[in-house]
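Throughout, read-outs are computed from the coordinates displayed, never taken from laboratory work. Model, not experiment: these values are computed from the prediction. Cβ: placed from backbone, ideal geometry, glycine included. Neighbour counts: every protein chain shown.
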Amino acid sequence: MFSEFLFSLTKKKTKLIEDVNVTFEDQQKINKFARNTSRMTELKSEIDSKKKSLQDLQDASDDLMMLEDDALLIPYQIGDVFISHTQEETQEMLEAAKEALEQEVRGLEDQVSAIQQVLGDLKVQLYAKFGNNINLEADES
């Protein structure tokens, strides 16, 4: 008798799962979620790359400070060409490049935050409709 009740309950639960229809609007939300997840992954990769470049600039700046010969000309790459500058000029150029990169990183991080907000809203809407029938969590692999 108890097993018949469990079978009946399981059958009803299965029927409920099958009754969830995916509307055009639902599919649009799922697609938007996928596009934003992909874009966020790209942005995070770009942020990591820019932070690496920022660290390289900081290392170059630190090495430049350790030089004792102020009369030495330092080659600084602009595009495909190296141009020699004084230590002070090179230090100023490194600082300007660091500031520009930091600003770019902040802009990208703001974009990621905005996308995370959109993803959070979509998760709430989609989980409310589909419950455990949809998986919106990123794979850890």
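Structure notes:
- Residues located in segment 126-141, provided they are outside any loop (DSSP other than H, G, I, E, B), touching a helix residue (DSSP H, G or I) at 6+ places or on another chain (Cβ under 8 Å) and exposed (fewer than 14 other Cβ atoms within 10 Å of the Cβ): 133
- Filter pass, residue 82 being closer than 23 Å to residue 121 by Cα and of a type in the set (Phe, Trp, Tyr): no
- The residue that is farthest from residue 46 (Cα to Cα), among those in segment 100-118 that are charged (D, E, K, R) and surrounded by 12 or more Cβ atoms within 10 Å (Cβ to Cβ), is 102.
- First in segment 18-47 and in a helix (DSSP H, G or I), second anywhere and of a type in the set (D, E, K, R), Cβ under 8 Å, 6 or more apart: 26/129; 33/123; 47/109
- Residue 88, sole failed condition from (1) surrounded by 12 or more Cβ atoms within 10 Å (Cβ to Cβ); (2) among the charged types (D, E, K, R); (3) more than 26 Å from the chain's Cα centre (by Cα): (1)
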